[in-house]
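Report on one structure; see the data block that follows.
The values are calculated or read from the model by the stated rules, or taken from the named source; none is laboratory data. Being a predicted model, the structure only gives us computed values, none of them experimental. All Cβ positions, even for glycine, are placed from backbone atoms using ideal geometry, and neighbour counts span all protein chains on display. Heads up: the accessible areas ignore ligands, DNA and RNA and are worked out on the full protein's heavy atoms, side chains in. Shrake-Rupley method; radii C 1.70, N 1.55, O 1.52, S 1.80 Å.
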Amino acid sequence: MINYPNKKVVNKQETNLLPAKKKQKVLNAANRGMDFEHAVSLSCQYYDEKQRAIITKRPTPIKIISADYKLAKITEAYFEKQSNTDYNGVYKGKYIDFECKETLSKTSLSFNNIPSHQIKHLKKVLMHGGIAFFMIYYKTLDEVYIVDANDIISLYENGDRKSITYEHTKEIGTLVEQGFIPRLKFLDAVDKVYFNENTKENY
């Protein structure tokens, strides 16, 4: 059993007691974003195997409350603090750090989905000369873009803006080509934005 920071627990037994319609809503909410994250992780794994980059998913730290050490099993724990961003690593001698965001909206990504600690973290990465960006997935449109962290931070810190629109994402972002292996060819987009290279490898 893992408790979230508010200590609220929703387990399988509680979910099974819900009406069918509400149960499906809970399950959909729990699974939302998993395909996108999985695609990014598989792409990172592919890049590592091809020795193109080392990029890994940053684990969320947890605080263990109780454990069965005989079975080597955690019986109760909760997320100790929010993680900074989703992925980090090294590419072409540069530190790279990015956050993945997904939206079902066809028109925008709300900044409510971006906590302030992620903005602070990415500002530090930029200050030290690292590559920092957001990878945004418009799920309904099945389009993925990378948007430089500087652009998101500028919009985020402008009190008049509460989101980045899809049209603005297309304008300032770079479309990530989707394929089979790797699933998301996001390093080709990184090459265009940060290295002025129009890479098009045969995968």
### Query
Restricting attention to region 110-165, which residues are free of Cβ contacts under 8 Å to residues at least 24 places away in the same chain and buried (at least 17 other Cβ atoms within 10 Å of the Cβ)?
Asp151
### Query
Restricting attention to region 168-198, and to residues there that are touching a residue at least 40 places away in the same chain (Cβ under 8 Å) and open to solvent by 80 Å² or more (accessible area, probe 1.4 Å), which single residue is nearest to His128 (Cα to Cα)?
Arg183
### Query
What is the residue count in region 43-65 for residues that are of a type in the set (S, T, N, Q), surrounded by 11 or more Cβ atoms within 10 Å (Cβ to Cβ) and modelled with pLDDT of 75 or more?
3
